[in-house]
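Single-structure report; data block below.
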Amino acid sequence: MTDPPLSVGLDPLTTLALAVQSSPGAYALLLGSGVSSAAGIPTGWQVVEDLIRRVAALETAEAAEAAQADPERWYINRFGESPSYSQLIKRVARTAIERREILRSYFEPTAEQKAEGLKVPTRAHRAVARLVASGHIRVILTTNFDRLLETAIHDAG
């Protein structure tokens with residue numbers, strides 16, 4: 001009979017933490033919108049839904065009401081296709097500057113939001129920053145448009 005692997009019965013997070021600690025720089029992180037949603041940053045889909053509502057509100061009161069109730073259905077009925085982030089952004093903003101300005105409010109905090117603790121790095125961002133500062137993590141891939149992780153890493157030195 002063979003012995004069971006030593007990790008049997010251990011919490012997988014414990015074994016992962018030990019592996020990261022034992023092999024600085026060998027692991028990369030893939031971070032998605034979940035890490036920033038706790039900071040009040042909307043997910044990509046939430047941005048899509050809000051932009052759809054904004055577009056509909058510019059058309060008619062009926063369109064605004066329909067999009068408020070079901071933004072995806074309104075968009076499909078209006079444009080004949082399912083909404084996608086890329087296609088919607090092209091529809092509402094023709095240039096990179098216009099896109100940046102429209103999207104800024106979703107990802108950059110106002111002074112009031114900062115005072116309320118919104119759209120600022122969370123404990124998760126700061127924990128990742130500590131891993132970077134200590135050399136345990138050297139590569140981070142992210143789908144996020146916010147700069148919360150960069151801010152946390154900068155703050156960590």
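With a ≥ b ≥ c taken as the square roots of the eigenvalues of the C-alpha gyration tensor of the chain, please select rounded if a/c is under 1.5 and otherwise prolate if a/b is larger than b/c or oblate if it is not? Because a/c hits 1.5 or more and a/b exceeds b/c, the chain counts as prolate.
Taking each DSSP H run with n ≥ 4 as -39500 (n - 2.57) and averaging over every residue of the chain yields -17000 deg cm²/dmol at 222 nm.
Computed from phi, the 3J(HN,Hα) profile of the stretch 53-69 under the Karplus parametrisation 6.51, -1.76, 1.60 (θ = phi - 60°) reads 4, 5, 5, 4, 5, 7, 8, 8, 5, 5, 5, 4, 5, 5, 6, 5, 6 Hz, with x in place of Gly and Pro.
Sorting 148-155, 77-84 by average packing, meaning the other beta carbons within 10 Å per residue, from highest down gives 148-155, 77-84.
With the highest mean first, a sort of the peptides 16-25, 98-107 on other beta-carbon atoms found within 10 angstrom per residue produces 98-107, 16-25. Site pair residue 85 and residue 19 shows an inter-label distance of 2.7 nm when each label is modelled 7 Å from Cα along Cα→Cβ. Close amide H pairs (under 5 Å, H built 1.01 Å from N) link residue 40 with 119, residues at least 5 positions away or on another chain. Note on residue 46 and residue 26: the model spin-label points, each 7 Å out from Cα along the C-beta direction, lie 3.7 nm apart.
Amide H contacts for residue 31 (H built 1.01 Å from N in the peptide plane; partners 5 or more residues away or on another chain; cut-off under 5 Å): 141, 142, 143. For the chain, the carbon plus sulfur part of the accessible surface works out to 56%, probe radius 1.4 Å. Under a 5 Å amide H cut-off, with hydrogens placed 1.01 Å from N, residue 137 pairs with 25, 132 among residues at least 5 apart or on other chains.
The phi-based Karplus calculation (6.51 cos²θ - 1.76 cosθ + 1.60; θ = phi - 60°) puts the 3J(HN,Hα) values of the stretch 21-33 at 5, 7, 10, x, x, 7, 10, 10, 10, 10, 10, x, 5 Hz, whole numbers, x for Gly and Pro.
The values are calculated or read from the model by the stated rules, or taken from the named source; none is laboratory data. As the structure is a prediction and not an experimental result, all values here were calculated from the model. As a convention, Cβ positions derive from the backbone with ideal geometry for all residues, glycine included, and neighbour counts pool all protein chains shown. For the accessible areas, the whole protein counts, side chains as well, though only heavy atoms, and no ligand, DNA or RNA atoms are used. Shrake-Rupley method; radii C 1.70, N 1.55, O 1.52, S 1.80 Å.
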